[in-house]
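Single-structure report; data block below.
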Amino acid sequence: MMPRKMRIEIPETSYARSGELSIAYQVVGEGPRDILFIPGFVSNVEQMWGLPGWVRILERLSSLGRLVVFDKRGTGLSDRSLGSGSAADRMDDVRAVVDAAGLERPVVIGLSEGGPLAILLATTYPQRVR
């Protein structure tokens, strides 16, 4: 079976400031809908483009609108910190990415350990998400 050819150009990595830390994120796709993808406990926004399963997921999500993916503090290309941070710290990181990417009321998707953070974001800031 021939490997599937990627249709999406690998996006540039940008950084949002959250306190003293830089949080790595990428924006891919366009459209009327903003989508924020909160990863599990391990991620790397540049390395995922080398994994066919991730590429398929990102292609599909970005076909629905403008997709933002990011690395949580201490993972991937984001700055390291002592520990993974409190829930409040992680909420600050997510808000920093949302603001830096210019998202307005994104649909929020959380994978694995990102699920509880997505729920916390939606219940704490219902006016900022769909």
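The values are calculated or read from the model by the stated rules, or taken from the named source; none is laboratory data. Nothing here was measured: the structure is a model prediction, and the numbers come from that model. In this analysis, Cβ positions are derived from the backbone assuming ideal geometry, glycine residues included, and neighbour counts consider all displayed protein chains. Areas reflect the complete protein model, heavy atoms only, side chains present, ligands, DNA and RNA absent. Shrake-Rupley method; radii C 1.70, N 1.55, O 1.52, S 1.80 Å.
Worth a mention:
- FRET efficiency, 1/(1 + (r/R0)^6) with R0 35 Å, evaluated for ARG33 and ALA88 via beta carbons: 0.80
- DSSP bridge pairs, the chain: antiparallel proportion in percent, nearest 5: 55 percent
- Spin-label model distance (nm) - ASP99 vs GLU46, 7 Å beyond Cα toward Cβ: 2.6 nm
- For Kirkwood radius over Cα pairs in Å, computed directly from the structure shown, the correct entry in (i) 14.8; (ii) 16.2; (iii) 15.4 is (i).
- Near ARG90, once Lys and Arg are set to +1 and Asp and Glu to -1 for all other residues with Cβ below 13 Å from its Cβ, the sum equals -2.
- Near THR13, once Lys and Arg are set to +1 and Asp and Glu to -1 for all other residues with Cβ below 10 Å from its Cβ, the sum equals -3.
- GNM result for the chain, Cα springs below 10 Å: residue of GLY31, GLY65, GLY110 fluctuating most strongly: GLY31
- Heavy-atom accessible surface of the chain: percent carbon and sulfur, 1.4 Å: 56 percent
- Proximal charge balance of GLU104 [Cβ under 9 Å; K/R count +1, D/E count -1]: +1
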